[in-house]
Amino acid sequence: MDGAQVTATAPVFILLGPPGAGKGTQARMLQDAHGFVQLSTGDLLRAAVAAGTDAGEAAKAVMEAGGLVSDEIVIAILKDRLGDEDCGHGVILDGFPRTTGQAEALDELLADAGQHINAAISLEVDDAAMVARISGRFTCGNCGEGYHDVHKPTAVLGTCDKCGGTHMKRRADDNAETVAQRLTEYHKQTAPLIDYYEGKGVLQSLDAMGEIDAIATTLSGMVREAAG
Ligand code: ADP
């Protein structure tokens, strides 16, 4: 992969699971605990939309409708980000791959760099709980820390526990109708990747319906083991 910093010693992890499963929350905790870099294609696409790039313009309406952005755009964005120096510490992929085409492209990118997937970890949740989880979530506009009205409120209303920022953001696509469409897309296009990675012998699963910190502890152990 041209200019990519991912090296044979840099572990690669994938977090799989439907919208609301906690991939972003857990990926950020793994980043803080292990020094790996969280790569969220959702965050990269939102940044492209905000910056008004061609890719962002093409992605905007699809994202607002809860559909999947084209493989071509997403793979190009991810490949570009994987080339950054910080990715040499190892990466946690959050929200990528989401289709078989993306999974195959990732395999190729990593093979070209002499690298492999250490583990694809499936966060197992009940779909029925996802709408409530997503509808209540918000993030700090300054540092990106994630919160939830019920499950993880800020200690002081409207103030980020982590950085003290006071500008909280809610995503445009975090509403009940769009979430239903995102769950449909997940089951149709992304859930088959569970079998894909099982076939490659790198699949691990964990129950992600419990407490955030307990899940983080289990996940951290899995990552430490698979990184070695
Ligand atoms: P969530 O996992 O909660 O749906 P994300 O931030 O991962 O949130 O994704 C938000 C939206 O961005 C998706 O609904 C989709 O439109 C787009 N997106 C993110 N990652 C991908 C991807 N790998 N392939 C296609 N579309 C993507």
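Among the residues making up the range 192-208, those that are without any contact (Cβ under 8 Å) to a residue 24 or more places away in the chain and not acidic (Asp, Glu) are Gly199, Gly201.
Residues in the range 161-184 that are basic (Lys, Arg), assigned to a loop (DSSP other than H, G, I, E, B) and within 16 Å of the ligand (Cβ to nearest atom): 2 in all.
Scanning the range 107-121 for residues that are open to solvent by less than 40 Å² (accessible area, probe 1.4 Å) and small (Gly, Ala, Ser), we see that the one that is nearest to Lys79 (Cα to Cα) is Ala113.
Looking at the structure I just gave you, is Thr41 of a type in the set (Ser, Thr, Tyr) and touching a Phe, Trp or Tyr at 6+ places or on another chain (Cβ under 6 Å)? Steps first, answer last, please.
Numbers: of a type in the set (Ser, Thr, Tyr): yes; touching a Phe, Trp or Tyr at 6+ places or on another chain (Cβ under 6 Å): yes.
Spelling it out, Thr41 is indeed of a type in the set (Ser, Thr, Tyr) and touching a Phe, Trp or Tyr at 6+ places or on another chain (Cβ under 6 Å).
The condition (being over 21 Å from Ala172 (Cα atoms) and either charged (D, E, K, R) or within 13 Å of the ligand (Cβ to nearest atom) (or both)) is satisfied by just one residue among Pro97, Pro18: Pro97.
When the range 206-225 is limited to residues that are open to solvent by 60 Å² or more (accessible area, probe 1.4 Å) and either β-branched (Val, Ile, Thr) or not in a helix (DSSP H, G or I) (or both), the one that is farthest from Phe96 (Cα to Cα) turns out to be Glu211.
Within the range 96-138, the set of residues being within 16 Å of the chain's Cα centre (by Cα), β-branched (Val, Ile, Thr) and at pLDDT 95 or above comprises Thr99, Ile117, Ile121, Val125.
Does the range 52-62 contain any residue that is open to solvent by less than 10 Å² (accessible area, probe 1.4 Å) and either among the hydrophobic types (A, V, I, L, M, F, W, C) or closer than 23 Å to Asn118 by Cα (or both)? Please lay out each step first, then the result.
Let us first name the residues in the range 52-62 that are open to solvent by less than 10 Å² (accessible area, probe 1.4 Å), namely 56, 59.
Retained after the next criterion (residues that are either among the hydrophobic types (A, V, I, L, M, F, W, C) or closer than 23 Å to Asn118 by Cα (or both)): 59.
Looking for residues that are open to solvent by less than 10 Å² (accessible area, probe 1.4 Å) and either among the hydrophobic types (A, V, I, L, M, F, W, C) or closer than 23 Å to Asn118 by Cα (or both), one finds at least one in the range 52-62, hence yes.
If you filter the range 122-149 down to residues that are outside any loop (DSSP other than H, G, I, E, B), open to solvent by 50 Å² or more (accessible area, probe 1.4 Å) and charged (D, E, K, R), you find that the one that is farthest from the ligand (Cβ to nearest atom) is Glu124. When we screen Leu82, Leu93, Leu78 for residues that are out of contact with any Gly (no Cβ under 8 Å at 6 or more places or on another chain), without any contact (Cβ under 8 Å) to a residue 60 or more places away in the chain and open to solvent by less than 20 Å² (accessible area, probe 1.4 Å), the only hit is Leu78.
The values are calculated or read from the model by the stated rules, or taken from the named source; none is laboratory data. Since the structure is predicted, the reported quantities are computational estimates derived from the model, not experimental observations. Ideal geometry is used to build each Cβ from the backbone, glycine not excepted, and the neighbour counts take in all protein chains shown. Quick note on the areas: whole protein, heavy atoms, side chains included, nothing else; ligands and nucleic acids left out. Shrake-Rupley method; radii C 1.70, N 1.55, O 1.52, S 1.80 Å.
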